[in-house]
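Novice: Pasting in a structure now, in structure tokens, and then I'll have a few things to ask.
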Amino acid sequence: SAAAAAASGAKVLVQASGRVEGGGPTLGDLWQDLVGERCSSVGTAEAELRQRGLACWCPTRSDAGWERLLRVEEEVGLRSVPDQVSKLLAPSQAAVLVPSMAGPVLGLAGDALASLGHQRCIILQGVEGSIDPSVAERSRGMLLEDGMKLPLRLQPDDLALSWPHEPHQTHEDRLESARQATARALMGIAPEFHVAQLGAAILLRLSGLFPDFASASVAARDAIESGRASALLYDVPRA
């Protein structure tokens, strides 16, 4: 999704940490496996973002003071202070996409992001509390734009991206399964392709480059089917 959005003209900064001991793989682990090292410094992330329009920044790698807290995370097997604080480090002028668990928390999350100065945000209650939109049912969320808070109900049927079920785990190793899912999405194989297209449409709508999800979805589909997304993702220089 990030590569497709970047290939469509948006600048996408992925902010991701690695797994904790005993936990499952994260987006940061997948990035490191497919692309290369996550940026540890702000300067490197900014340079990659300018050059490629796509970068991955791991805030907790930028200061040695985080190491002790990361060890605590590993010992308890639960994301805590580093993970929460790093979410507060997004540039204040950036359009921000953040995940939320299901439940009546969208208003609180919206207030928190607005108080940090973010003018454009989408809080998405994706599959299992992730930012992966569902292709089997409606995804709920909230859009913050122009000082207004608007409920978001993302229906894959409206964009011809619905599927009878979410993508299945295809390998017992979850990182390998994620690697295979990424390859399937970039090759245009559903339902992974539909998830990537819908996720990219969210990013593009949030960026302000497209006025609605429908036009953003068309651009995302073209970025994937043309191979631009794949070329951009795998051509990001290794740090």
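The values are calculated or read from the model by the stated rules, or taken from the named source; none is laboratory data. Predicted model, so just to flag it, every value in this text is computed and none were measured. Cβ: placed from backbone, ideal geometry, glycine included. Neighbour counts: every protein chain shown. The area values use the complete protein model at the heavy-atom level, side chains included, leaving out ligands, DNA and RNA. Shrake-Rupley method; radii C 1.70, N 1.55, O 1.52, S 1.80 Å.
Novice: Quote the charge dipole size of the range 89-239 about the Cα centre in Debye, to the nearest 20; the model charges only the Cβ of Lys and Arg (+1) and of Asp and Glu (-1).
Specialist: Here the size comes out at about 260 debye.
Novice: When the accessible area of the range 141-193 is split by element with a 1.4 Å probe, what percent falls to carbon and sulfur?
Specialist: Its accessible area is 53 percent carbon and sulfur atoms.
Novice: If you count only protein heavy atoms with a 1.4 Å probe, what accessible area per residue comes out for the chain, rounded to a whole Å²?
Specialist: Result: 51 Å² per residue.
Novice: Label residue 145 and residue 231 with points 7 Å out from Cα along Cα→Cβ: what is the distance between them in nm?
Specialist: Modelled inter-label distance: 3.0 nm.
Novice: Can you give the FRET efficiency for residue 34 and residue 136, using 1/(1 + (r/R0)^6), R0 = 25 Å, r = Cβ-Cβ distance, to the nearest 0.05?
Specialist: 0.45
Novice: If the chain between residue 214 and residue 41 were fully stretched, how many nm would it gain, using 0.36 nm times the residue separation less the Cα-Cα distance?
Specialist: Gain on extension, residue 214 to residue 41, equals 58.7 nm.
Novice: Answer with a single label: of [x] 82, 50, 29; [y] 56, 48, 33; [z] 47, 39, 35, which was calculated as Cα extents along the principal axes in Å from the structure in view?
Specialist: Read-out taken from this structure: [z].
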